[in-house]
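Structure first, then comments.
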Ligand SMILES: [Zn+2]
């Protein structure tokens, strides 16, 4: 980065310090208030106006999303951009003890590290600090720090979108190297099935029973499973039911999911699954209750979009090649796109997320922060 003069050694030291500070504040889903306060104070110190929306109350958490904007940008005609990261981390995420292992930051091995998504928080905060050193009056910028991302994107689902002006967004939250841009992610549908048969004594009068287990099993062997096509997956991940060895099983509950980059195909596959359960229930004399809910909808951002163009320039400045990829997991970008903010996910370099082996190379943290600075400056 030419126009941004930073002492590399100082930057690395400060980034690691702030990263370690943030991951040491507990912040599991629904319990993000403490970390929210720390980040809010830092945003205020950087000159942002910050408000907390009402999402926390709606989802039963102790904090809403943070919405921050730069007051100085109000009178500018240039369209704002939105930068996003999330506060929550998956369990075991309490009592994180980060340490440097060579050029990587790791946890002590009994918790996650929380680089997902503290790396995103630190990148945005340091991007802002570096940008300020170059240009005191910055182009319009909105920052959204969400809660409960790890619980089906609930924070961004309940975000008060009327408070935002941005039509272009960047979500700092992908487990890929800096340079990877996630331009598409699937629709994700969760389904619950109850198969209800009839109980009877398994040894005396089994002929009076209708086995929910057997009915469910017949359906399970027929439903689409694994890769349905190259952009669609289906899974049944949980089966529970039954009372005892000697009772013809009356009830089975199943939980599964469908993902597809094509929203229409996701719905078709879901219908096929429901049909299998309905048909097998009719055959056996059981009943089926089928419920589905769409956690988030697919998006696809074009190569000639403003988001990808801004990234092309910014990544060039920090010496990273841009790689466009699709992801099969959802992020807050799914919700932003569904609400009219064309958004992409950004690789920020954390690895083995959602495990106690999670780590991040300091170099990736540095690049992610510089990328944020370039986007803020529209370099
Ligand atoms: Zn994340």
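The angle between the Cα long axis of helix 33-45 and the main principal axis of the chain comes to about 20°, on a 0 to 90 degree scale. Nearest 10 degrees is fine. How inclined is helix 8-23 to the longest principal axis of the chain, computing both from alpha carbons? Approximately 40 degrees, to the nearest 10. Counting every other Cβ atom within 10 Å of each residue's Cβ, 122, 223 order from fewest to most as 223, 122.
Considered as an equivalent ellipsoid built on the Cα gyration tensor, the chain has semi-axes of 45, 22, 18 Å, the largest given first. Under the shape rule built on the C-alpha gyration tensor, where the axes satisfy a ≥ b ≥ c, region 262-379 is prolate, since a/c reaches at least 1.5 and a/b is greater than b/c.
Fewest neighbouring Cβ atoms within 10 Å first, the residues 30, 299 line up as 30, 299.
Mean separation of Cα pairs under 8 Å and 6 or more residues apart, divided by the residue count, gives the chain a relative contact order of 24 percent. For the options 183, 232, 221, a Gaussian network treatment of the chain with springs between C-alpha atoms closer than 10 Å singles out 221 as fluctuating the most.
Indicate the gyration tensor shape class of region 141-210 (rounded, prolate or oblate), computed on the Cα atoms with a ≥ b ≥ c the square roots of the eigenvalues: a/c under 1.5 is rounded; otherwise a/b larger than b/c is prolate and the rest oblate. Note, shape of region 141-210 comes out prolate.
Per-residue ellipticity at 222 nm computed for the chain from its helices equals -10000 deg cm²/dmol, with DSSP H segments shorter than 4 residues left out and the rest contributing -39,500 (n - 2.57).
Put in line by how crowded their Cβ is, counting other Cβ atoms within 10 Å and starting with the fewest, 105, 236, 124, 341 read 236, 341, 105, 124. Take the chain, connect every pair of alpha-carbon atoms lying under 10 Å apart with a spring to form a Gaussian network, then pick out the residue of 226, 64, 203 with the largest mean-square fluctuation. Top of the fluctuation ranking is 203.
Mean-square fluctuations from a GNM of the chain, with a 10 angstrom spring cutoff on Cα atoms, peak among 346, 254, 125 at 254. Helix 362-377 and the long axis of the chain differ in direction by around 70°, with both axes built from C-alpha atoms.
Coordinate-derived values only; no laboratory data. None of these values were measured; they are calculated from a predicted model. Note that we place each Cβ from the backbone using ideal geometry, even for glycine, and neighbour counts take in every protein chain shown.
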